[in-house]
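To start, the structure under review is shown below, and the notes come after it.
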Amino acid sequence: MKKLKGLASVFLALILVAMTSGVFACTSFIITKGASKDGSTMITYAADSHVLFGSLYNNKATDYPAGSMLQIIDWDSGKPLIKIPQVAHTYTTIGNSNEWGLFITETTYGGRDELQDSTGGIDYGSLIYVTLQRAKTAREAIKIMAEFVDTYGYFSSGESFSISDQNEAWILEMIGKGNEPIKDAKGKVSKDWKKGAVWVAMRIPDGYISGHANHARITQFPQEVKKSFKSISSKNLKEIFRPEVEVVYAYDVVSFAKAKGYYIGADADFSFSDTYAPLDFSGARGCEARVYSGFLKCNPEMKKYEAYALGHDLKNRMPLWIKPTNKLSVYDVMELMRDHYQGTPMDMTQDVGGGPFNCPYRWRPMGFEVNGEKYTHERAISTQQTGFALVGQSRGWMPEGAKGVLWFGVDDTYSTVFVPMYTNMIQVPECFREGNGDMVTYSETSAFWLFNQVSNFIYSRYSDMIKDVRVKQSDLEHQFISEVSEFDRKLQMLDKENKQSQMREDMTKFSLHKADQTFRTWKKLSQYLLVKYMDGNVKKEKDGRFLENEYRKGQNAFPEQRPYNQKWLETIVKDHGDAIKVPKGTASH
């Protein structure tokens, strides 16, 4: 995900350069209601881009007169594409959700470069946000997205979409058909050629979880199981609303691949991922490894795919979905998005690259070369360039208009706070509002800038400072989870009294208050961290308070001066030991 809006022309040029460098990467997990502790469906999203400003997007429900048209704008570049007919009524959307508790997120996998169609009419971002304005359920969303690309053509590169409602969760993978039509042996355009996209959508079995992180993950899939309708092609798209349908795919997803020379085997053996996005070392290590690490947190048996995640055994592919050992709570899912490969060979706190205080981040570029050998830094779920992140939760037990909660945070997932935003609220908080700052404009009231202020400070002394951040983070999130549960009971009572407008107003007030509370807490935290860790010292505390009187009097309060970790000290000695070595028998500083 990478959104451009209102940026200076110079910065736009930098963005366009960055976009060609493959710097955009996101992570998404999908949790079915049978895999969650409370029976909700959940999807996660980390919108990771070095040029994405974290805001909470909002479109209000609107009625349009007949004949109205909608201008489609490419989400990445801001390029106007085509105009399409507007529907009579659109739904309220908050971020990647709408008033019905429908959620749609994505990760870009790219795939075969020649299949991006520069003449396509609709891009991946518009597929998400326009569909959210028009669909109530996941199945309806898939139908609309398929019809969009079939009618108008697909502008973007390969995408994986997570789509969930109160009952179901789906993964949909899509790629365009390129600019060049398919021709027969005589050079004539094939009668079967049609612009658009090839795609597959699969329902995640209840009780299971799935995930994707910038690489296509759907391999083989059942095709045309007509008797039970478990699998249908887009020629029978109207059948998608049959509850037994679990797989939907573009009718030419296999034939197009054969016509292009990508695949020559039997239809039944066709693999979407292997055909349209062939896996290599970077796809496994930089992308699939994130899914592996998340899966490993949920089921220790995933350890057998470690060599695959490392990029050493590409044939032992991970399954598309797994059954977690234990059902996941909302907080568990939040923590799923906080990962630095802890407990794996890729743990970035364990090598000298983490610096003297075990920082689990590596500044870009990821690849580097030493003495003719190529190496890579890791790309973990938690990363410094996150614009915004979310946990989308859809609850079937809640009344209409209150089914969705978007747990929303800005910046690095490991140090953000997921704040509850009801998806049918009237307005968004000022601290998350679009236009309240941007990537080149600082704003004192922007949560994105405040959270970046804290995270960029703690990177310098990570192993110490992250502990203070995590305490505040945990306190807020556990408080919010409890308060949402209590507030939901009040909303259910309002629904019984048929007070829908009051319910929506109350949800808005609740969400605004939680955002404001988070902003104020983080502002105090930023000040506390500066005071405590100024100049590389660590001021002493007792019972959670600085020894104020002692510091003011200059008595008995000399701050701690915690040393670098041993590995870092050994590296210094190896690099510069002769110059700094203290002669034996001489007192050191």
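One table, with the values for the structure above:
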read-out: Helix axis angle, 289-298 relative to the chain longest principal axis, alpha carbon, degrees; value: 80
read-out: Given charges at Cβ of Lys, Arg, Asp, Glu: the range 9-339 dipole, positive-most of 284, 81, 229; value: 229
read-out: Nearest-20 debye value, the range 398-536 charge dipole, Cβ charges on Lys, Arg, Asp, Glu; value: 240
read-out: Relative contact order (percent, whole number), the chain, Cα cutoff 8 Å, 6+ residue spacing; value: 14
read-out: Reachable lysines from residue 188, criterion Cα separation under 19 angstrom, eight or more residues apart if same chain; value: 177, 258, 260
read-out: Residues of type lysines that residue 581 reaches as a straight line, Cα spacing below 25 Å, ignoring anything fewer than 8 places off in the same chain; value: 567
read-out: Folded to 0 to 90 degrees: helix 447-458 orientation relative to the chain principal axis, Cα; value: 50
read-out: Net dipole in debye of the range 508-551 [+1 Lys, Arg Cβ; -1 Asp, Glu Cβ; about Cα centre; nearest 20]; value: 260
read-out: Net charge over other residues, Cβ less than 12 angstrom from the Cβ of residue 279 (K, R count +1; D, E count -1); value: 0
read-out: Estimated 222 nm signal from helices in the chain, with DSSP H stretches of n ≥ 4 weighted -39500 (n - 2.57), rounded to 500; value: -9000 deg cm²/dmol
read-out: ³J(HN,Hα), Karplus 6.51/-1.76/1.60, whole Hz, each residue of the range 99-115, x for Gly, Pro; value: 5, 8, x, 8, 10, 9, 10, 8, 9, 8, 10, x, x, 5, 4, 5, 8
read-out: Sequence-separation-based contact order of the range 398-536, relative, with Cα cut under 8 Å and 6+ spacing, percent; value: 34
read-out: Three-way shape call for the range 398-536 based on the alpha-carbon gyration tensor, with the a/c threshold at 1.5; value: prolate
read-out: Computed magnitude of the charge dipole of the chain (debye, nearest 20; Cβ of K, R +1, Cβ of D, E -1); value: 200
read-out: Degrees separating the helix 462-496 axis from the principal Cα axis of the chain, which is the longest one; value: 50
read-out: Relative contact order (%) - criterion: Cα under 8 Å, at least six apart; region: the range 9-339; value: 17
read-out: Most positive-pole-ward Cα, 324, 68, 254, against dipole of the range 9-339 from beta carbon charges; value: 254
read-out: Rh by Kirkwood over Cα pairs, then Stokes-Einstein D for the chain at 1.567 mPa s and 4 °C, µm²/s; value: 51
read-out: Share of pairwise Cα separations in the range 9-339, more than 31 Å, in percent; value: 30
read-out: Candidate lysines - alpha carbon under 16 Å from residue 304, same-chain residues fewer than 8 apart omitted; value: 315, 323
read-out: Equivalent ellipsoid semi-axes, the range 77-156, via Cα gyration tensor eigenvalues times 5, rooted, Å; value: 22, 14, 11
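Coordinate-derived values only; no laboratory data. Quick caveat: nothing in here was measured; it's all calculated off a predicted structure. Don't worry about glycine lacking a Cβ; one is built from the backbone with ideal geometry, like all the others, and counts go over all protein chains shown.
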